[in-house]
1. Residue under question is L160, and the condition is that it be open to solvent by less than 10 Å² (accessible area, probe 1.4 Å) and either in contact with a helix residue (DSSP H, G or I) (Cβ under 7 Å, 6 or more places away or on another chain) or closer than 19 Å to N327 by Cα (or both); does it hold?
2. Looking at the stretch 116-128, can you tell me whether even one residue there is open to solvent by less than 30 Å² (accessible area, probe 1.4 Å), more than 26 Å from F177 (Cα to Cα) and more than 9 Å from the ligand (Cβ to nearest atom)?
3. Return only the number of the condition from (1) under 22 Å from S329 (Cα atoms); (2) free of Cβ contacts under 8 Å to residues at least 60 places away in the same chain; (3) open to solvent by less than 60 Å² (accessible area, probe 1.4 Å) that D134 does not satisfy.
4. Return the residue satisfying two criteria in turn: it lies in the stretch 163-197 and is away from the ligand (no atom under 12 Å from the Cβ) and in a loop (DSSP other than H, G, I, E, B), and of such residues it is farthest from the chain's Cα centre (by Cα).
5. Which residues, counting only those in the stretch 46-94, are within 15 Å of the ligand (Cβ to nearest atom), open to solvent by 10 Å² or more (accessible area, probe 1.4 Å) and over 18 Å from the mean Cα position of the chain (by Cα)?
6. Does L289 meet the test of being open to solvent by less than 50 Å² (accessible area, probe 1.4 Å), at pLDDT 95 or above, within 25 Å of N101 (Cβ to Cβ) and not in a loop (DSSP other than H, G, I, E, B)?
7. Which ones in the stretch 295-316 are farther than 23 Å from T76 by Cα and without any contact (Cβ under 8 Å) to a residue 60 or more places away in the chain?
8. Cβ-Cβ below 9 Å, separation at least six or inter-chain, first residue in the stretch 1-26 and open to solvent by 50 Å² or more (accessible area, probe 1.4 Å), second at pLDDT 95 or above and in a strand (DSSP E or B): which pairs?
Amino acid sequence: MINVTKPFLPPIEEYQHYLQGIWSRNWLTNSGPLVNELELKLKEYLQLNHILFLNNGTVALQIAIKALELKEEIITTPFSYVATTSSIVWENCTPVFVDINADTLNIDPDKIEAAITDKTTGILATHVYGNPCDVEKIQAIAKKHNLKVIYDAAHCFGTLYKNESIFNYGDISTVSFHATKLFHTVEGGAVFTQNPELLKKMALLRNFGHVDAINIDGPGINGKNSEFHAAMGLCNLKYIDKIIAKRRSDYEYYKEKLKTLRVAFPTIIKDAAPNYSYLPIIFESNEALNKSIKILNDNLIYPRRYFYPSLNLLNYVSPSSTPISENISNRVLCLPLFYDLTREEIDLIARLLLRVQNS
Ligand SMILES: *Cc1c(COP(=O)(O)O)cnc(C)c1O
């Protein structure tokens, strides 16, 4: 069986080494030494000034919305994982969907201004598949209309734009360290900001609003993560360059093998260095997509329809139409891409896709 992804696991002895430390300290969570060490090492690796390690990428989005005090309408993309939309609704705001660019699959900045009303307070955009949005255009629009910007950068560990981490963009950027993501801590996530005030606010939100043991400032949530999760992150971080390099070479190998397949690949904007976190292909039709899924499933290969459905069609949002997102989400498929994937497995997947196309 080949799934769309398979989490990377470090050699077990390396994790056990950290467990011994946890046992001897008997400090399991609440800003322990491994959490602090992971935050430091991540800052170093990503070349960032600030990071807060959290318990998942969805709470990261919710804390970002809370910290920026967004109200009423938030402009967002319909082409993302459902958490992008659900966290807006969970924070009692209204998602206003702006259609995507058909080539990059990210929110189309040229359509944002038409969606701004006097109720708009922010923009929440996803760098889908780890490919950066047009961050400069979005920043200019936000500045002109006095809006806050959050990037759901869940897919973006290691993605660079103009040679710096994409996490540097937006008022706040969030990431997921879930087991299915490129860099993981089993469950986990983080927020990034360049603004020290926002950082302080989010640190309070992460820990119930505790200023210290007896002083509480505002309603917070439990967004903390544990020593066990931090230990997994510390182990995995050592391998991250190898993981990204392997994915990049697999991505290129797939592209070569699939060059006669009638599919499109997303376009990556100028000055961006992606992280190869997914391998999306866009078929010519929904029928071609379904035929391909069937032959792969018949051979115990399980790609995933990231991202379907288009989020404007969820049953808890007001009806709206984003035809490009709806159209692409009916034709896009993510193929297996993970550290342990072999060339023979890629050959098999490519052979099956070409066979069904030519049948
Ligand atoms: C995975 C993901 C999330 C949620 O992250 P969790 O850590 O699973 O809560 C949010 N947004 C996007 C785009 C994702 O892919």
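1. No.
2. Taking every residue of the stretch 116-128 in turn, at least one turns out to be open to solvent by less than 30 Å² (accessible area, probe 1.4 Å), more than 26 Å from F177 (Cα to Cα) and more than 9 Å from the ligand (Cβ to nearest atom).
3. With respect to (1) under 22 Å from S329 (Cα atoms); (2) free of Cβ contacts under 8 Å to residues at least 60 places away in the same chain; (3) open to solvent by less than 60 Å² (accessible area, probe 1.4 Å), D134 is out only on (2).
4. That would be N195.
5. V89, W90, E91
6. Yes.
7. L296, N297, D298, N299
8. Here the result reads M1/I301; M1/Y302; N3/I301; N3/Y302; N3/R304, each pair linking the stretch 1-26 to a residue that is at pLDDT 95 or above and in a strand (DSSP E or B).
The values are calculated or read from the model by the stated rules, or taken from the named source; none is laboratory data. As the structure is a prediction and not an experimental result, all values here were calculated from the model. Methodologically, a virtual Cβ is constructed for each residue, glycine included, from the backbone with ideal geometry; neighbour enumeration extends over all protein chains shown. For the accessible areas, the whole protein counts, side chains as well, though only heavy atoms, and no ligand, DNA or RNA atoms are used. Shrake-Rupley method; radii C 1.70, N 1.55, O 1.52, S 1.80 Å.
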